[in-house]
1. Antiparallel as a % of all DSSP beta bridges within the chain, to the nearest 5?
2. Tell me, what is the percent relative contact order of the chain, built from C-alpha pairs under 8 Å that lie six or more residues apart?
3. At a 10 Å Cβ-Cβ cut-off, how would you order Val336, Val106, fewest neighbours first?
4. How many nm separate the modelled label positions at Lys50 and Ser331, each set 7 Å beyond the Cα in the direction of the Cβ?
5. In the chain, if the dipole is taken from +1 on Lys/Arg beta carbons and -1 on Asp/Glu beta carbons about the Cα centre, which of Val96, Ile330, Ser234 is farthest to the positive end?
6. Given +1 on the Cβ of Lys and Arg, -1 on the Cβ of Asp and Glu, and no further charges, what dipole in debye does the range 3-186 carry about its Cα centre, rounded to the nearest 20?
7. If you place +1 on the Cβ of every Lys and Arg, -1 on the Cβ of every Asp and Glu, and leave all else neutral, what size is the dipole of the range 63-169 about its Cα centre, to the nearest 20 Debye?
8. Return the loop-located trypsin sites (Lys or Arg not before Pro) in the range 124-192 (DSSP other than H, G, I, E, B) with at most 15 other Cβ atoms within 10 Å of their own Cβ; answer none if there are none.
Amino acid sequence: MATVTIVGSGMMGSALAFPARENGNEVRLVGTHLDREIIENCKKCNRHPKFEKDFPDGVSFYQIEELSDALDGADLVIGGVSSFGVDWFADNILPVIPENMPVLTVTKGLFDTPDGKLLTYPDLWQKKLDSIGKKLSLNAIGGPCTSYELVAHDQTEVSFCGKDIGILEKLRNIMQTDYYHISITTDVTGIESAVALKNGYALGIALTIGLNQKNFGDDTLHFNSQAAVFGQASKEMYRLLDFQSALSLNNLCVGMGDLYVTVYGGRTRLVGILLGKGLDIDKAKAQLNGVTLESLVVAERVARAVKKNIADGILCAEDFPLLLHIDEIISEKKPVNIPWESFTYTEK
């Protein structure tokens, strides 16, 4: 039995308590400074306020001030913060984790640099560790997995990535259950890029749902347009993985799977539908007040990097019509006008 400490009691971090505990481990769930009410609710009811199922018996709950107690004797730290907590995690959590304790994060996203590079969050955290002269094993989770379905024990397959395959084997042994299946890879850039790139493209596919609801009503389902945008999204993700020097069948499939599950559930779907119905980005955000929209942030970063590389002659605008239109909607508040003809090709 291992001891697993999860820092961040949002939905995904909390959901990972289920396979961790049900695999026989001791689990300690620590809330951030923003999670106080969640942790209090968990202590009183043994249930996350967003879940319909109690935590397994044996999960312990801690406020952030109790972090040192939660880390004492732990074998694994899981980082469960959102993209908006990346810097907070770097500044407040990484420095106090013992060097013999591996870190596994669920935070999905990319950060763009002024010269047009796309860095993974493990890249950013490694820079922080280097700056303070500390060594930690940084690992991450990617793949199609929604928190509520993991809690419900829907069959789920994800990928753990990190630099040390031996450590990844240990992490898989700690976390894997009969419903939580884990592949492992040392291609951190590939997995982290694949699952982050899907954000903007899931929004693009959801636009067609909103367009169809606007044109035909909510009762009639249409899938041709969704499939067309899904196909174009696949092409553009393929090209971006190649740009990241991370193109492989496994990485592409991880990204496609994550794209699929994101379109069919979650916050990105909601904002895409609202945009497709005719709301501009500000009105869509206002209607979803209080909902974290990481997808918009990541999509803007990826588009900014792509536009920089287009300007530098490294990438071609003709290869990214969907991403560039999504960026127009988000950054320039333009109305939805999907460039269908730019998705077509002639092949001899």
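1. 20 percent
2. Once normalised by length, the contact order is 15 percent.
3. Ranked by crowding around the Cβ, least crowded first: Val336, Val106.
4. Going by the 7 Å Cα→Cβ label model, 2.8 nm.
5. Ile330
6. 180 debye
7. The calculation lands at about 400 debye.
8. Answer by residue number: Lys134, Lys135, Lys163.
Coordinate-derived values only; no laboratory data. For clarity, every value in this text was computed on a predicted model and none was experimentally measured. Neighbour counts run over all protein chains shown; Cβ positions are idealised from the backbone, glycine included.
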